[in-house]
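This report refers to the structure that appears directly beneath it.
The values are calculated or read from the model by the stated rules, or taken from the named source; none is laboratory data. For clarity, every value in this text was computed on a predicted model and none was experimentally measured. Cβ placement follows ideal geometry from the backbone for every residue including glycine, while neighbour counts extend to all protein chains displayed. What goes into the accessible areas is simple: the full protein's heavy atoms, side chains included, and nothing from ligands, DNA or RNA. Shrake-Rupley method; radii C 1.70, N 1.55, O 1.52, S 1.80 Å.
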Amino acid sequence: LPQISGKINVVNDSILDSTDGTEFKLQIESGISKVPDALKNMEHLNTTGKIEKVLKLKLQEKYSGIADTNMVIYDVELLVNIDGKGWEKVTKDNFPTDGLTITLPYPSGTGRNIHDFVAAHMFTADMNGHYVGDVEYPEVTKTEKGITFKVYGLSPIAIGWKGVNSSSFGDGENGNVSSTPTFSVNKMKAPPTGDTSSIMLYVLLA
């Protein structure tokens, strides 16, 4: 019998607010199970593993100091249901031009009061002034429901985090941090070196 190999990830649906008989739904997949058509001809992004690797590297370049274990990848799609005719995937032609605010659940083991978060989103279509493979870094807000931010396209999204008591996220491109970190120094008296006063005293006594 033929053997079929594949990658199965958890997919969650999130219904958004409806307006004028139009319903929107986010389909959130943990990890990436398929390569978007627009990326298949790009050598550095033509596998799911490459996409996840590049997104994580981009996030670490933008915000220095994020450990590999403190990042998670989501594949997010926006679906629309107009007048109850059924769910269809939103394309670049009908994606909101002023962006879409989405909320993702806090990654397992993290929380609003104990972690700070950053995000990176990769475009899989030429849209809203961006090109295929471009990465944007939306500003993240922590809410009761999860991590909220606005994107101008959908598909692969990376989330990174640090503990709230750790140093601030560094800007890997400019070498800046969002706030001045504090630190303490233990002041210890250094041992004397090259001081011959004690030796001369012993010589005089002798």
Return only the number of the condition from (1) in a strand (DSSP E or B); (2) farther than 29 Å from residue 22 by Cα that residue 74 does not satisfy. (2)
State all residues of the stretch 71-87 that are more than 14 Å from residue 157 (Cα to Cα) and of a type outside the set (A, V, I, L, M, F, W, C); if no residue qualifies, say none. 81, 83, 84, 85, 86
Under the condition of being open to solvent by less than 40 Å² (accessible area, probe 1.4 Å) and farther than 20 Å from residue 159 by Cα, which residue from the stretch 17-47 is modelled with the lowest pLDDT? 22
Might you let me know whether the stretch 48-66 holds any residue that is open to solvent by less than 30 Å² (accessible area, probe 1.4 Å), under 26 Å from residue 165 (Cβ atoms) and without any contact (Cβ under 8 Å) to a residue 60 or more places away in the chain? no
Of (1) over 15 Å from the mean Cα position of the chain (by Cα); (2) of a type in the set (Ser, Thr, Tyr); (3) under 15 Å from residue 156 (Cα atoms), residue 97 fails just (3)
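Tally up the residues in the stretch 67-89 that are among the hydrophobic types (A, V, I, L, M, F, W, C), surrounded by fewer than 18 Cβ atoms within 10 Å (Cβ to Cβ) and touching a strand residue (DSSP E or B) at 6+ places or on another chain (Cβ under 8 Å), please. I'd like the intermediate steps shown before the answer.
From the stretch 67-89, those among the hydrophobic types (A, V, I, L, M, F, W, C) are 67, 71-73, 76, 78-80, 82, 87; that's our starting set.
Retained after the next criterion (residues that are surrounded by fewer than 18 Cβ atoms within 10 Å (Cβ to Cβ)): 67, 79, 82, 87.
Now restrict to residues that are touching a strand residue (DSSP E or B) at 6+ places or on another chain (Cβ under 8 Å): 79, 82, 87.
Selection size over the stretch 67-89: 3.
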Inside the stretch 48-67, the number of residues satisfying the requirement of being more than 16 Å from residue 155 (Cα to Cα) and in contact with a helix residue (DSSP H, G or I) (Cβ under 7 Å, 6 or more places away or on another chain) is 1
